1. Determine ³J(HN,Hα), in whole Hz, for all residues of segment 79-85 in sequence, where each value follows from phi through the Karplus function 6.51 cos²θ - 1.76 cosθ + 1.60 and θ = phi - 60°; x replaces Gly and Pro.
2. Step through the residues of segment 122-137 one at a time and calculate ³J(HN,Hα) from phi using the Karplus curve (6.51 cos²θ - 1.76 cosθ + 1.60, θ = phi - 60°), rounding each to whole Hz and writing x for Gly and Pro.
3. For L62 and S12, FRET efficiency with R0 = 41 Å and r from the beta-carbon atoms, rounded to 0.05?
4. Take the Cα atoms of segment 1-157, build their convex hull, and give its volume per residue in Å³.
5. What are the GluC sites (Glu not before Pro) within segment 1-90 that DSSP puts in a loop, where the Cβ has at most 10 other Cβ atoms within 10 Å?
6. Please report Rg (one decimal) and Dmax (integer) in Å for the Cα set of segment 1-66.
7. Under 5 Å between amide H atoms, partner at least 5 residues away or on a different chain: which partners does G84 have, H built in plane at 1.01 Å?
8. Only sites in a loop by DSSP and with at most 16 other Cβ atoms within 10 Å count here; which trypsin sites (Lys or Arg not before Pro) in segment 73-149 make the cut?
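Where a number appears in this text, it was derived from the coordinates with a stated rule and is not lab data. Just so you know, these numbers come straight off a predicted model, no measurement behind them. Cβ sites come from the backbone with ideal geometry, for glycine too, and all protein chains shown count toward neighbours.
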Amino acid sequence: VLLADERCVVSSHEDSNLAAIRTYFTNRVGIPPSQIYGIDETLLGSSEDVAASYQENVVKYLLDRYNKSTGDDNGGKIDCVLLGFGPDGHTCSLFPNHKLLSEQTLLVASIDDSPKPPPSRITLTLPFLNQYCRKIIFCGAGESKRPIIQAVFTNVEEAANNAVKQHDYGGAKVALVQLSNPA
């Protein structure tokens, strides 16, 4: 289990995505802790250091391990990524009109000016999502998600966060949306 984004807080903090994942998912289905990859909490003084560590010690490590086990030099891919989204259309910690949407080289990036608290986070980037993910499922619930869903399905080219694209990196991208009423 990889984190698509994480707030730069300790994993016991109420704002931690890892804490929520453990409470509501992994502790209930018996995924071994050795298969759950959180951030290096000793680096919390610098979100850039946290992001660099997550990219090198988690993301690249897992991709390299996959390549060695399969002999595939084209790079491993995650079969399925489950992402939520906010009423503004953000996913991961990739917010509409933020400079991180233009990131082209990093697989994991830091953000210290998140419009949603807390301000310091790390996030998978669009190059990672587009190059290393086979399928992405976006899940949303509630009335607050209705406007962004309508915007995306009405005119994809003008959606505020039209970021995960089918043509990037020559790979097929299938984005599915799971909604609940009233979204």
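1. Each residue of segment 79-85 in turn: 5, 9, 10, 9, 10, x, 8 Hz.
2. Working through the residues one at a time gives 10, 8, 5, 9, 4, x, 5, 4, 7, 9, 10, 10, 6, 9, 10, 10 Hz.
3. Numbers: r = 24 Å, r/R0 = 0.59.
Working from the Cβ atoms, E equals 0.95.
4. Values: hull volume 20.9 nm³, N = 157.
Dividing the Cα hull volume of segment 1-157 by its residue count gives 133 Å³.
5. Details: sites: E6, E14, E41, E48, E56; in loops: E14.
Passing sites in segment 1-90 are E14.
6. 12.0, 33
7. C92, C139
8. Numbers: sites: K77, K99, R121, R134, K135, K145; in loops: K77.
For trypsin sites (Lys or Arg not before Pro) across segment 73-149 that sit outside H, G, I, E and B with at most 16 neighbouring Cβ atoms in 10 Å, the list reads K77.
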